[in-house]
Structure formats: structure tokens, C-alpha cells
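See structure below.
The values are calculated or read from the model by the stated rules, or taken from the named source; none is laboratory data. Bear in mind that the values here come from a model prediction, so they are computed numbers and not experimental data. Each accessible area value is taken on the protein alone, full model and side chains, heavy atoms only, with ligands, DNA and RNA left out. Shrake-Rupley method; radii C 1.70, N 1.55, O 1.52, S 1.80 Å.
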Amino acid sequence: MDLDPLILSRIQFAFVVSFHALFPVFTIGLASYIAVLEGLLYRTKNPAYEQLARFWTKVFAVVFGMGVVSGIVMSFQFGTNWSVFSYSSANFLGPVLAYEVVTAFFLEAVFLGILLFGRDKVPRGTHLFAACMVALGTFISSFWILSANSWMQTPAGVEMRDGIVHLTSWSEAIFNPSFPPRFFHMALASFLTGGFVVAGVSAWFLLKGKAPEASKRALQMCMVMLVLAAPGQLLVGDVHGLNTFHHQPVKVSAMEGVWETTQGAPLLLFALPSQEAERNFLEIGIPNLASLILTHELDGEIRGLKEWAPEDRPYVPVVFWGFRIMVGIGVLMILMALWGALLTLTGRLERSRLFLRLTSFMIPLPFLAVLAGWFVTEVGRQPWIAYGLIRTEQGLTPSLTGGMALFSLIGFITVYAVVFISGITYLVRIIRKGPEAPVHEAPGAHAKRPFSAVDDPLHEANANPQGTR
């Protein structure tokens, strides 16, 4: 049996990227949440914020470590499986990926150590500063990575000479046409992912009676953020979609399942696209709505997939259904955020057991939405590895065989399975244990952590009914 190295290499890269993407999209949002907690702790000296900050910093450390381990090998794949593309695009992608390491990874690595181990060893302001720098580092990292990915979607500021990318404008290449909406779309996705994970875990704690005061505060904070971020993502997603409609119309045609150029195209809620038959089966849609969304006119024209040669079209079923999974989960997020905000305003948030249960069930959905969105983005770009410049098959390593690609794919799956199972097992242990109550400190410890100890005599009496420590 002949093994196609191109298909296997695409599967391998899709697997590694999909696995890795789960961690940064969570840590970006979680790092900002931890920075907010540290800021509130610094200002109010409320032990509940310290309790939450300590707990979620532990979670962050584990997930950050898993992200680093899973992400290191991604750069090696460019050289092993996609060496022609790496050589062709090195004038741009090489420096950009290096900037990400120098400006973001080093920043995160330095201040993460202070965040994790410096709480009782450095001044409170320094510890808060470290939390802010870690959060900033995650955004700087996403800036460079999304700039590189967006350039592959909408190349700009370059010209091809003898098969090599040469820069004509660094600013145009970095801030390429799809980068701004893509960056904000991903930033909001990170906030939504982090927010729903924290909300879901906090809701589970409330159902189990763990750290009720701290969990209530965490859930309330998340609802305030989510009721703003979830509808905001809908607006940013619309801008991103219009940008894609302008620069990558074939991707949008696949997202909407439009085969024939149509004026007044319906928004399909359900369909079974067939790549071979070049049509959809079992269509259910809302008349004219796709045209209205994309062109702001009821009879606006959307180009059909048949206007492109079959070899220039993406695989429609994956793009079509990936888009609907992403949007469907996004709508559910908006509804849950609005419900939570209403319960918060009426003072019933922690008492609605139905809401708490459903919120805890929401934990995996943001990750699924992110993966669906990435599949739409990356599969929808095919058959181009750099849209309009380099086709995917042209970027493959010439000497790569199917056997070599299969061997490395199996190796990645095996290693990542070990990393994932080990990391998730440890995370489950941390979450089951829950936030630890602030430590009662010995006399003299207040100089290091004045707001961690509880000095209320009534509290001491309740905690120690026999009058002993």
C-alpha cells in the first residue's frame, strides 16, 4: 500500500496544531484573570482573592507547561516535513517566530518564576507586576503567532522571486489584511475559554460546597466578563467574516455551502455538502440571510464554488460544518452569559442549581469551538499553504516518504497522549482538592504577607473552639 506523504504530513501538522492550540487559548485568558485577581488582592487585601489566585496559578502552571511541551515540536515540523516552504518563506517567518521567542517567551519565563514561587519572597507590588507581565507575555506571543498565520492566509508586503519570499514592507507583512480581526477574534476566544472554564469549575465548587465565598466571587466576576465578551465576539466574528469574504471568497463560499453564484443566497442551517456531486443535499435555510450578512443587501451576490477549478477548492464538508459548530457554540455562550448576568443582578446566581450544573457542563465547549474555528481557517485555505503564493504540495519536503511521515505521526500521537493523560490527571487532582483556605500565619509573618493572615479574634475563636492552635 502506497502511503501519501502529503496527506500524512497534513494530518500530522493538523494533529499537533490542534493539540497545542487547546493550551494557549486557555492560558491567555487565565493569565489575565490571575492578574486581575492579584490586582484586587493588592487593593482590597481580601483573602478570597488570594485563595483564588493561588488555586488558578497552580492550574495555569500545569497548562502552561503542557503548552510549552506540545508547542516545541511544531517548529521542527517546518524543517522535517515542510522544508521547501520553510526555505521559501524564511525571510519573513524566520524573524517573526524568533521575535515571538525573544519578546514573549523570555518575558513569560522570567516572570512566571516570580509568580509561582515569589508570593512570600518578594514585595506585593513586585508579585502583582510579575502577574501582569506574564499576562502581557501571552498576548505578545499570540501577536506574533497570529501575524505569521494571518500572513499565510493573506500574504502582503512581499514578492516572490525565484520561488523565494522577499520582503518589500515589514509593516504590511506583519499587519497583513486579515491580522487585525483575527487577533481580536482570537483574544476574545481566549477570554471566553478562560472565563467559561473558571465559571464552570466555580459552579462545580458551589454545587459541592467547596470554598463557597471564593467560588461565588469567581463566578460573579466571570459572568460580568462573559456578558460583554460573548456578544462582542459575535460582532468581531462578523468583521472577520467580511474580511475573509473580501480576501478569501472561496473560503466563505465553502462556509456557506454556495456552489452556484447566487443573488439573495440563503443562510443554510443544515445541509450535506457533496464535494463529488458539487451540490448540497437536505438543505434547510433562511432565505436571503447569507447575502444580507455578507453584503448587507438582501439580493447581494455570493460567488459559487464552481467559479473555481475543483483543484482550487477547499474540502467543503469540513469547512461548512466546522463553521456551524463554532457559531452554534458561540450562540450558546451568549445565552448562558445573559442568563448568568440576569441571575447575578437578581442575587440568585449561586442558588440556581440548574444554571450551576449547565455552566459546569460548558467547560469543554469553548475548546471545541476553537478547534472548529481553526479547522475552518486552515482547511478553508487549502490548497494553498501561503494563499495565492505557494501551494501546499509545493511546500512538502521532497525526500519525505510515506513511511517516514507515518512513523513520526505515530510517535507524536503516542508522546502527546502521555503528556495529555498525565497533565489532565494532575489537573483533575488539583481541581478536586479545590482552593485552599488562606493560611493562618505565625506572629511575625505579617511582614511578608500582611493580608493572608486573618486577624479577626472572632474568626480565630470559631476556627479554634478549644482556644489552641
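Show me the helices of the chain, taken as full DSSP H stretches, that run 30 Å or more along their long axis by Cα and average 1.6 or above in Kyte-Doolittle hydropathy.
Once both thresholds are applied, what remains is 316-345.
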With bins 10 Å wide starting at 0, give me the P(r) of segment 1-147 over every alpha carbon pair, in whole percents.
11, 36, 27, 16, 8, 2, 0
Counting only protein heavy atoms and using a 1.4 Å probe, what share of the accessible area of the chain belongs to carbon plus sulfur, as a whole percent?
68
Per residue of the chain, what 222 nm ellipticity follows from adding -39500 (n - 2.57) for every DSSP H run with n ≥ 4, rounded to the nearest 500?
-23000 deg cm²/dmol
Flagged links, alpha-carbon separation over 20 Å, of Lys121/Lys433; Lys216/Lys433; Lys45/Lys216; Lys58/Lys210; Lys208/Lys433:
Lys121/Lys433
Over its Cα atoms, what ratio of radius of gyration to 2.2 N^0.38 Å does the chain give?
1.09
Using only the Cα atoms of segment 129-247, each taken as one equal point scatterer with no solvent, compute I(q) by the Debye sum, divide by I(0), and report log10 of the ratio at q = 0.12, 0.19 Å⁻¹.
-0.60, -1.04
Taking amide H positions as placed 1.01 Å from N in the peptide plane, with prolines and chain starts having none, which residues 5 or more places from Ile390, or on another chain, fall under 5 Å of its amide H?
Ile385
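Please compute the per residue accessible area over the chain with all protein chains in place, 1.4 Å probe, rounded to a whole number of Å².
In whole numbers, the chain has 47 Å² accessible per residue.
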Return the ratio Rg/(2.2 N^0.38 Å) for segment 178-309, where Rg is computed over Cα atoms only.
1.42
Per residue, how big is the convex hull around the C-alpha atoms of segment 326-404? Give it to me in cubic angstrom, could you?
130
